[in-house]
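K.L.:
Below is a structure I'd like to ask you about.
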């Protein structure tokens with residue numbers, strides 16, 4: 001299975017069904033915060049979490065990308081995912097979330113940086129995209145910090161709790 005050591009404290013590991021309880025507990029604990037930006041967090045339950053992990057394992061088996069858990073000091077703290085990989089055009093996009101109490105420690109920045117290195121150097125991709133809600137300044141800071149180019153705004157990109165959210169689009173090329 002996919003395991004990637006980011007540094008002495010952080011490891012990215014493909015989520016398995018046995019992780020469902022720990023993943024759900026973090027979602028549940030951070031539900032109010034996460035649901036400000038991620039519509040699925042508002043209504044996600046334990047069974048949804050297990051089903052999601054299984055579907056992501058199936059996608060990984062078909063070479064369609066990976067959803068990895070972020071483990072900080074061996075504790076699950078969030079997720080970092082490649083969305084569907086477009087092998088013809090050698091590109092993908094990344095999505096991520098981290099428990100609120102673990103923000104501000106560089107965990108996500110280091111994790112995304114390591115994933116970028118893996119995607120460009122190991123998988124040979126050419127382009128990585130990140131979309132973040134315009135109002136989610138902490139999420140937007142990740143691609144900005146890592147040298148992504150701001151490519152534009154998608155207005156009313158997502159409906160969340162009866163409110164449309166705009167997304168900022170960031171791109172990074174292998175060159």
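K.L.:
Kindly provide the set of residues from region 56-67 that are part of a helix (DSSP H, G or I) and more than 23 Å from residue 33 (Cβ to Cβ), ordered by number.
P.N.:
Result: 57, 58, 59, 60, 61.
K.L.:
Return the residues of region 1-18 that are buried (at least 17 other Cβ atoms within 10 Å of the Cβ) and in a loop (DSSP other than H, G, I, E, B); say none if nothing qualifies.
P.N.:
6, 15
K.L.:
Here's a follow-up. Answer yes if at least one residue in region 124-135 is under 15 Å from residue 81 (Cα atoms), in a helix (DSSP H, G or I) and in contact with a helix residue (DSSP H, G or I) (Cβ under 9 Å, 6 or more places away or on another chain), and no otherwise.
P.N.:
No, the conditions are met nowhere in region 124-135.
K.L.:
Would you call residue 84 surrounded by fewer than 21 Cβ atoms within 10 Å (Cβ to Cβ) and not in a loop (DSSP other than H, G, I, E, B)?
P.N.:
no
K.L.:
Checking residue 72 against (1) touching a residue at least 24 places away in the same chain (Cβ under 8 Å); (2) crowded, with 17+ Cβ neighbours inside 10 Å; (3) under 23 Å from residue 93 (Cβ atoms), only one condition comes out false. Which one?
P.N.:
Of (1) touching a residue at least 24 places away in the same chain (Cβ under 8 Å); (2) crowded, with 17+ Cβ neighbours inside 10 Å; (3) under 23 Å from residue 93 (Cβ atoms), only one is false for residue 72: (3).
K.L.:
Pull up region 87-107, narrow it to residues that are part of a strand (DSSP E or B) and under 24 Å from residue 50 (Cβ atoms), then point me to the one that is modelled with the lowest pLDDT.
P.N.:
Here the residue is 97.
K.L.:
Criterion first (exposed (fewer than 14 other Cβ atoms within 10 Å of the Cβ) and free of Cβ contacts under 8 Å to residues at least 24 places away in the same chain) does residue 21 satisfy it?
P.N.:
Answer is no for this residue.
K.L.:
Among 70, 27, 53, which is the only one that is under 14 Å from the mean Cα position of the chain (by Cα), farther than 29 Å from residue 127 by Cα and not in a loop (DSSP other than H, G, I, E, B)?
P.N.:
Criteria check complete, one pass: 27.
The values are calculated or read from the model by the stated rules, or taken from the named source; none is laboratory data. All figures in this text were calculated on a predicted structure; none of them were measured in a lab. Every residue, glycine as well, gets a Cβ built from its backbone with ideal geometry; the counts of neighbours run over all protein chains shown.
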